[in-house]
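Enquirer: Before I ask anything, here is the structure I am working with.
The values are calculated or read from the model by the stated rules, or taken from the named source; none is laboratory data. Remember, it's a predicted structure, so these values are computed and weren't measured experimentally. In this analysis, Cβ positions are derived from the backbone assuming ideal geometry, glycine residues included, and neighbour counts consider all displayed protein chains.
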């Protein structure tokens, strides 16, 4: 694993969420990051699995996580559908990679 590449991914994800006030992506300290060491800024907080349901708005957290998932995967899914069309597949019917792999393998 090359943590310089991981750092680049972190920076890209941070840029994607820069306007979202509900999400904090730690900034990568590029000048200290090496192939085997990833250095990020310290962000004070609580791990999500340590939150007490009585002290937080669970509905808001779940809604935010769903929105983040959609935002992170929206571009990937759009690219996947374009990839399917190039392969002659119908995105509405062949949404998963297994179908794609079978159709390629079986011709």
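Enquirer: Determine whether segment 48-69 contains at least one residue that is part of a loop (DSSP other than H, G, I, E, B) and either at pLDDT below 90 or surrounded by 11 or more Cβ atoms within 10 Å (Cβ to Cβ) (or both).
Expert: Yes: one or more hits.
Enquirer: Within segment 17-37, track down each residue that is in contact (Cβ under 8 Å) with a residue 24 or more places away in the chain, under 23 Å from residue 73 (Cβ atoms) and touching a helix residue (DSSP H, G or I) at 6+ places or on another chain (Cβ under 7 Å).
Expert: Residues satisfying the conditions are 22, 23.
Enquirer: Which count do you get for residues in segment 23-47 that are surrounded by 12 or more Cβ atoms within 10 Å (Cβ to Cβ) and closer than 23 Å to residue 70 by Cα?
Expert: 5
Enquirer: Determine whether residue 101 is over 17 Å from the mean Cα position of the chain (by Cα) and modelled with pLDDT of 85 or more.
Expert: No: the conditions fail for residue 101.
Enquirer: Does segment 77-98 contain at least one residue that is exposed (fewer than 10 other Cβ atoms within 10 Å of the Cβ) and either at pLDDT 85 or above or under 14 Å from the mean Cα position of the chain (by Cα) (or both)?
Expert: Among the residues of segment 77-98, not one is exposed (fewer than 10 other Cβ atoms within 10 Å of the Cβ) and either at pLDDT 85 or above or under 14 Å from the mean Cα position of the chain (by Cα) (or both), which makes the answer no.
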